[in-house]
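Everything on this sheet refers to the single structure shown next.
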Amino acid sequence: MRFHTLGALAIAVALVAAATHAQEAVVTIGGTGRHCGEDPGCINRLHPEIPMAARAIPGQMLLFKARNASDFNLDPASSYVDPRIGDPEIGTVHPLAGPVHIEGAEPGDVLAVTLLNIDPGPYAYTSVSSAGFVSDHVSGSLRVLWKLNDSVAVTDDIPGVRVPNASFPGIITVLPGREQLDAMLERERELSDAGGAVRRPHALHASPAEVCGPEGTHKDECLRTIPPREHGGNMDIRYLQVGVTVFLPCYVEGCGLAIGDPHFAQGDGEVSGTAIEMDADFTVTTRLIKDGPALHRGPHYEGPAHVLDIPSRRFYATTGFPLKNEGEIPPDIEYLQSEKIAGLRNLSKDVSLAARNALLEMIDYMTETYGLTAAQAYVVASVAVDLRIGQLVDAPNVGVTAILPLDIFVNR
C-alpha cells in the first residue's frame, strides 16, 4: 500500500484495524509514580539503547498516560514538593510515555499513528520565560494556572479569557538509530560551538537513569527532547488533533513509539515558550507501511480540514516585516557575529524578524485594547494567536501575520 491516501480513508483503516484487534487488551503506557523518574513507562531522553516499556501489534489500541512538559505536580491542593526542582538545565523536560515496540516494525518502515481520543487532566499551566520568542521585549515572569474541562480552559490569572479545547500531543516520536544519533549529536555540537541555541546532552534528572542518568551507560549521548528532528519529537504542531494520522520513520526494530507534552490549546508559534501545558491520556492506534517514503526531512501528517481552523467566528490580525532599528541585532542571530547586521534597518527575507514584529504588534494591541499586561498578552498569544506566513517572495520584505481569535474574550 502506498503512502498517498486520503485522510478519511486513513482514519477508517485505523479504526477498522483497531476493531479487528478488539480482542487484544488495550496496552497502557506510563502513569505510575509521582514523576517520570519513578515511572518505568516514562522517558525524557532519546537514545537507541533505551529499552522498550511495552509491546503492541499494529492496529492495537494504545493508551499513553502522559505528564505535562515540565513534569510538574499541577494540583494546587497538593503539598507534595518535587525534589528535582531547581535544575537550571530543565533536566525533567519532557516526560514521554513509552517507548513502545511495534511488532514487525523494521528500520526503513513508516509507522502511521492515528489519534483516536484525548482526555485532558483537570489543571494546566502556561509560563513566560527566557525561552520565549520575544522575551527580550517582554520583561518579568508569569506562570498562569488554568482550570480545564472538556470544553474550555479558564484562569483567575487572566480574567475574562476562555480558550476552547483544541488538545494535541506536542511530542510524537520514535527512537533514533545509531546512525541518526551520531549525525544529530555532531551537528548540534557544531552549532553549540558556534554559539547557536541548542541543548546538549545533560544527565541530571534524565530518564531512564540506567541509560541516560549521571551514572548511565550512555549519559553523554542521550538526545534532549526539546527540539524536533527527523524522528518527530517536539514538533508542537497544533493540528495534530483527534482524527489526524502522523507518519514517522522507523530507525530501530520496533520503532520505539513515545508520546508526551500534552497541550490543551496552543497558537501557531507557542511564542512564550509554553502552551496550555497539561497532563492527558492519549488513545492511539498504529499501522505499518512497508513501502512508504523515506521521510528524510521530517514526519508527514494528514487529517480532517477542520483542525486547521481558528476557534472563533471573528478575528483581528497584525502584520510584520523584517524591519529593525539601526544598531539592533535580533537575539536569534547574534551568534552569527555579522558586522553587517547592526548597521541595517531592513533584513532581506528574514521570516523570523517579520514574525517577531507581527507578534509585538499583537501584544501591543491586546494591552491597549483589553487592558492586559504585556506578560498576560504574551501568554494569550502563546496559547491562542496564530503566526502565519503571508508571502516569502516579495523581497526584501517577506510577510507574517498574527491572528487573534476574538471569541476567546468573554463579554468584551
Grab the chain and count how many Lys pairs have their alpha-carbon atoms under 26 Å apart, sequence gap of 8 or more, or different chains.
5
Of the residues GLY371, GLY260, GLY233, which exhibits the maximal mean-square fluctuation in a Gaussian network model of the chain defined by a 10 Å Cα contact cut-off?
GLY371
Taking θ as phi - 60°, what are the ³J(HN,Hα) couplings along the range 114-129 by the Karplus curve (6.51, -1.76, 1.60), each to the nearest whole Hz, with x for Gly and Pro?
9, 7, 9, 7, 10, 10, x, x, x, 9, 7, 9, 9, 10, 9, 9
Counting other Cβ atoms within 10 Å, which GluC sites (Glu not before Pro) in the range 312-354 have at most 15 and lie in a DSSP loop?
GLU326, GLU328, GLU339
In whole angstrom, note down how far apart the Cα centers of the range 155-187 and the range 274-323 are.
11 Å
With an 8 Å Cα cut-off and a minimum separation of 6 or more residues, compute the relative contact order for the range 291-412 in percent.
34 percent
Determine the dipole magnitude for the chain: charges of +1 sit on the beta-carbon of Lys and Arg, -1 on that of Asp and Glu, nothing else is charged, the reference point is the Cα centre, and the result goes in debye to the nearest 20.
720 debye
The range 7-308 - convex hull of the alpha-carbon atoms, volume per residue in Å³
137 Å³
TYR239-SER141 FRET efficiency (beta carbon distance; Förster radius 30 Å; 0.05 resolution):
0.55
Loop-only check: which GluC sites (Glu not before Pro) in the range 22-58 are DSSP coil with at most 16 other Cβ within 10 angstrom?
GLU24
Please go through the range 265-310 and write out the GluC sites (Glu not before Pro) that DSSP classes as loop and that have at most 14 other C-beta atoms within 10 Å.
none
Please compute the length gained on full extension between ASP309 and GLU326, using 0.36 nm multiplied by the number of residues separating them and subtracting their Cα-Cα distance.
2.3 nm
Quick one: Karplus J couplings for the range 235-240, per residue in order, coefficients 6.51, -1.76, 1.60, θ = phi - 60°, nearest Hz, x for Gly and Pro?
6, 6, 9, 5, 7, 7
Out of residues 5 or more away from TYR123 or on other chains, whose amide H comes under 5 Å of its own, with H placed 1.01 Å from N in the peptide plane?
LEU148, ASP279
Given H placed 1.01 Å from N in the peptide plane, which residues other than close sequence neighbours of TYR316 have an amide H under 5 Å from its amide H?
LEU404, LEU406
Between ALA197 and ALA25, what's the calculated FRET efficiency when r is the beta-carbon distance and R0 is 41 Å? Round to 0.05.
0.40
What is the local net charge at GLY298, summed over the other residues whose Cβ is closer than 9 Å to its Cβ (Lys, Arg +1; Asp, Glu -1)?
+1
Gaussian network model of the chain, springs between alpha carbon atoms under 10 Å - residue of SER352, SER78, SER272 with greatest fluctuation:
SER78
Relative contact order for the range 7-308 using alpha-carbon pairs under 8 Å, separation at least 6, rounded to a whole percent?
31 percent
Over the range 315-408, consider all pairs of different Cα atoms and compute the Kirkwood hydrodynamic radius from their mean reciprocal separation; express it in Å, one decimal.
13.9 Å
In degrees from 0 to 90, rounded to the nearest 10, what is the angle of the helix 374-384 Cα long axis to the longest principal axis of the chain?
40 degrees
For LEU336 and ARG189, compute 0.36 nm times the residue count separating them, minus their Cα-Cα distance, and round to one decimal in nm.
51.4 nm
Selected from GLY177, VAL271, GLY390, residue furthest toward positive end of dipole (the chain; charges at beta carbon)
GLY390
FRET efficiency, 1/(1 + (r/R0)^6) with R0 30 Å, evaluated for ILE226 and GLU179 via beta carbons:
0.90
Grab the other residues whose beta carbon is less than 15 angstrom from that of LEU353, score K and R as +1, D and E as -1, and report the net.
-3
By the scheme Lys and Arg +1, Asp and Glu -1, what is the net charge of all other residues having a beta-carbon under 11 Å from that of PRO249?
0
State the extension gain, in nm to one decimal, for the chain segment bounded by SER79 and GLU38, taking 0.36 nm per residue of separation less the distance between their alpha-carbons.
12.9 nm
Diffing the range 204-212: the Karplus 3J(HN,Hα) column from phi (6.51, -1.76, 1.60, θ = phi - 60°), in whole Hz with x for Gly and Pro, holds 5, 6, 6, 10, x, 4, 5, 9, 10
List the residues, sorted by chain then number, that are 5 or more residues from GLY273 or on another chain and whose placed amide H is less than 5 Å from its amide H.
PHE133
Run the quick spin-label model on LEU392 and ALA209: label points 7 Å from Cα toward the beta carbon, then report their separation in nm to one decimal.
4.5 nm
Which residue, SER79, SER130, SER382, has the most motion in a Gaussian network model of the chain that connects Cα atoms within less than 10 Å?
SER79
Label point distance in nm, LEU406-SER129, each placed 7 Å from Cα along Cα→Cβ:
3.5 nm
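Rule-based calculations on the coordinates, nothing more; no lab input. Only a predicted model underlies this, so the values are computations on that prediction, with no experimental measurement involved. Because the Cβ atoms are built from the backbone with ideal geometry, glycine has one as well, and the counts that use them run over all protein chains shown.
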